[in-house]
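Only the coordinates and a few stated rules stand behind these numbers; no lab work does. Being a predicted model, the structure only gives us computed values, none of them experimental. Ideal geometry is used to build each Cβ from the backbone, glycine not excepted, and the neighbour counts take in all protein chains shown.
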Amino acid sequence: MIKNLFNLKGKTALVTGGSQGIGKVISLALAEYGADIVINYRSGQELAQKTYLEITSMGVKCSLIQCDLSLLDSAKTISGFLQENNLEIDILVLNASVQVRKPWIEVTPEEYELQLNTNFRASLFLVQELYPSMQKKNWGRILTVGSVQQIRPHQQMIVYSASKMAQVSMVKSLAPQFAPFGVTINNIAPGAILTGRNEEVLADAKYKAIVESKIPVGYVGEAEDCASLSLVLCSDAGRYITGQDMFVDGGMSLNV
């Protein structure tokens with residue numbers, strides 16, 4: 001009975017930024033429990049193809065769509081691709097994001113727009129495109145991937161932090177409106193996770209030690225640490241959870 005709560009056979013999930021990092025492990029977790037996967041990626045076709053092969057080896061279907069989410073028409077582009085391929089999305093994982101590290105006073109308008117448009121605007125417009133079919137079926141799961149920086153902003157990532165907080169606000173605003181139609185929407189907020197984005201800075205032993213000193217469990221997490229909670233929130237196991245902001249951060253958000 002418990003196993004059936006995680007059964008995703010017959011469901012199709014779209015994961016933005018799903019070819020690597022946290023997006024990849026979420027894609028693999030959903031595929032492991034039977035979901036067909038649509039992966040959106042911005043660049044890195046080789047990585048996307050590798051993930052495609054890993055997913056299809058599990059006996060489920062996988063589609064790839066290359067699309068830059070910073071573009072104004074990105075949500076329409078993805079929606080059009082889905083319609084052309086007769087794909088109806090049951091699970092939407094909004095994972096893709098852009099992060100620019102620099103002092104706040106040096107942020108350019110172009111860098112501001114790149115981060116806000118990719119990290120928040122695309123999320124809102126993709127929900128606009130894909131929620132209606134979920135509402136009609138009276139079942140849907142939407143998961144946004146935020147960051148511990150929502151409540152512990154990084155001095156060199158002011159726009160990134162703000163964009164993640166905007167995403168949380170969206171989740172909390174939409175959850176009560178979606179709930180009567182069997183659609184949940186939640187946010188997971190990873191802490192310091194060893195992904196490609198963070199490899200360079202965490203390769204500095206001194207910097208890594210400073211980061212780990214702020215994490216109660218004492219170590220940097222891995223992308224896989226985000227998979228199990230994502231699976232709960234994207235399946236029937238999470239049907240009674242909506243509008244929540246859940247941290248996967250080893251306690252970093254506790255400000256100890």
Margin query: Please give me the summed charge of the neighbours of Val60: other residues whose Cβ is under 14 Å from its Cβ, Lys and Arg +1, Asp and Glu -1.
Written below: -1
Check: Amide H to amide H under 5 Å from Ile37: which residues, 5+ apart in sequence or cross-chain, H placed 1.01 Å off N in plane?
Finding: Ala13, Lys61, Cys62, Ser63
Next item on the list: Please list, in chain and number order, the residues 5+ apart from Val100 or on another chain whose amide H is under 5 Å from its amide H, with Hs placed from the backbone.
Entry: Tyr160
Check: Can you list the HN-Hα couplings for the range 224-237, worked out from phi with the Karplus curve (6.51, -1.76, 1.60; θ = phi - 60°), rounded to whole Hz and with x for Gly and Pro?
Finding: 4, 5, 8, 6, 5, 5, 4, 4, 4, 6, 9, 10, 5, 4
Next item on the list: May I ask which residue of Ser169, Leu5, Asn86 lies farthest towards the positive end of the charge dipole of the chain, with charges of +1 (Lys, Arg) and -1 (Asp, Glu) on Cβ and the Cα centre as origin?
Entry: Leu5
Checklist line | Net charge over other residues, Cβ less than 11 angstrom from the Cβ of Val25 (K, R count +1; D, E count -1) | finding: -4
Margin query: Using +1 at the C-beta of Lys and Arg and -1 at the C-beta of Asp and Glu, which of Leu71, Ile37, Gln135 has the Cα lying farthest in the positive direction of the dipole of the range 3-250?
Written below: Gln135
Check: Taking θ as phi - 60°, what are the ³J(HN,Hα) couplings along the range 47-64 by the Karplus curve (6.51, -1.76, 1.60), each to the nearest whole Hz, with x for Gly and Pro?
Finding: 5, 4, 5, 5, 5, 4, 5, 5, 6, 5, 5, 8, x, 10, 8, 9, 10, 10
Checklist line | Ordering of 84-90, 8-14, 26-32 by burial proxy (mean other Cβ atoms within 10 Å per residue, highest first) | finding: 26-32, 8-14, 84-90
Item checked: Between the range 28-57 and the range 136-211, the alpha-carbon center distance in angstrom -> 21 Å
Item checked: Phi-based couplings in Hz for the range 11-24 (Karplus 6.51, -1.76, 1.60; Gly and Pro marked x) -> 9, 10, 10, 9, 10, 7, x, x, 8, 7, x, 5, x, 5
Check: What is the helix-to-structure angle for 158-178, meaning the angle in degrees between its Cα long axis and the longest Cα principal axis of the chain, kept from 0 to 90 and rounded to the nearest 10?
Finding: 30 degrees
Checklist line | Eligible aspartates and glutamates near Lys136 by straight Cα distance, threshold 12 Å, same-chain separation 8 or greater | finding: Glu88, Asp90
Next item on the list: Please report the relative contact order for the chain, taking Cα pairs under 8 Å with a sequence separation of at least 6, and give it as a percent rounded to a whole number.
Entry: 20 percent
Checklist line | Charge dipole (debye, nearest 20) of the range 3-250; +1 at Cβ of Lys and Arg, -1 at Cβ of Asp and Glu | finding: 540 debye
